Amino acid sequence: MTRVAVLTVTYNTGETIRPFLASIAAASTSPVAVVIADNGSADLDALRAIGESYGAVVVSSGGNRGYGGGIDAALGALDDVLPDVRPEFLLVTNPDVVLEPGSIDELVAAADRLPDGGSFGPRILDEQGETYPSARRLPSLRTGLGHAAFSRFWPANPWSQRYWSTTQVVEREAGWLSGACFLIRTDLFRQLGGFDESYFMYFEDVDLGQRVGLAGRANVYVPTAVVTHTGAHSTSSNRRRMEIEHHRSAYRFLSRKYRAWWLWPLRLVLRIGLAVRARWVTRK
């Protein structure tokens, strides 16, 4: 029985996906299914050959649907390309993540002993081996403004520390888990309708974490499961575009959170403030 299906998204990823695919076998003592949704790469045939060499299935998402849209496409294709696989869990992950041995097993074990948990996130390390703040609180207006205003030049400010919760490398509940890598119950992900594709990039994981909580399930940080986010397929070449998209998604999330009609002045201030901040961080 295949309990876990691994879903990832590519866009002109090329050879950088090999370390990720190579790491899957040692991450789980049980067989897993792997589906790669490609968002319109120029090298789809080469990607398909690489994927198949590791036992992965590569499908086209039909265009560049962003990260959340690509994952939704991978899940949609799962029933068609692997009809006999009915996974209990989905491991949603970036293609530039390397899974440490036993990491999938650790996440599944946590899910088995925590039936109220809906999604489960590993400890994510960066290329320098530092722990990335991947299990955070949901953004609030006060914390969000403080974080936005001071995080760039005063990372130790109390608002960012509260948002990141970087010092708590222990199993705990979180408001949301980084979309770079997390395990979620398949029935829950389907029930929630997958990712909200109106978030092309960024905040789709924040929105999902909020909906997991509203459904009465917990987002659980499981630091005994470890992965490394290599950044091999980073968006550094499109930094300006990605910063702008990040701020657009931030506004989309906050404007929906504070959606009451009488909060329109607040939404206006948020729109202007985030637009100004986006211009400031992309001025170089």
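The values are calculated or read from the model by the stated rules, or taken from the named source; none is laboratory data. Keep in mind the model is a prediction, meaning the values are calculated, not measured. Don't worry about glycine lacking a Cβ; one is built from the backbone with ideal geometry, like all the others, and counts go over all protein chains shown. Each accessible area value is taken on the protein alone, full model and side chains, heavy atoms only, with ligands, DNA and RNA left out. Shrake-Rupley method; radii C 1.70, N 1.55, O 1.52, S 1.80 Å.
A few comments on the model shown:
- For ARG211, net neighbour charge (Lys/Arg +1, Asp/Glu -1) across residues whose Cβ lies under 10 Å away: -1
- Heavy-atom accessible area ranking, 1.4 Å probe, most first, across LEU138, LEU268, LEU107, LEU192: LEU268, LEU138, LEU192, LEU107
- Net charge contributed by nearby residues that have their C-beta within less than 11 Å of ASP187 (K/R +1, D/E -1): +3
- The mean accessible area for residues of the stretch 13-78, using a 1.4 Å probe and ignoring ligands and nucleic acids, is 37 Å² per residue.
- Taking each residue as 0.36 nm, the span from GLU15 to ASP126 lengthens on full extension beyond its C-alpha to C-alpha distance by 38.0 nm.
- Rolling a 1.4 Å probe over the heavy atoms of the protein chains gives the stretch 89-137 an accessible area of 39 Å² per residue.
- Close amide-amide hydrogen proximity is noted between VAL58 and ILE36, each under 5 Å apart and 5 or more residues distant or on a separate chain (H modeled in the peptide plane; Pro and chain starts excluded).
- Here r is the Cβ-Cβ distance between ALA42 and TRP262 and R0 is 41 Å; the resulting FRET efficiency, rounded to 0.05, is 0.25.
- Within-9-Å neighbourhood charge of GLY118 [Cβ basis; K, R +1; D, E -1]: +1
- Gained length - GLN168 relative to ALA109, 0.36 nm times residue gap less alpha-carbon distance: 19.2 nm
- Remark: accessible surface ordering of TRP159, TRP154, TRP262, TRP176 (largest first) is TRP262, TRP154, TRP159, TRP176, probe radius 1.4 Å.
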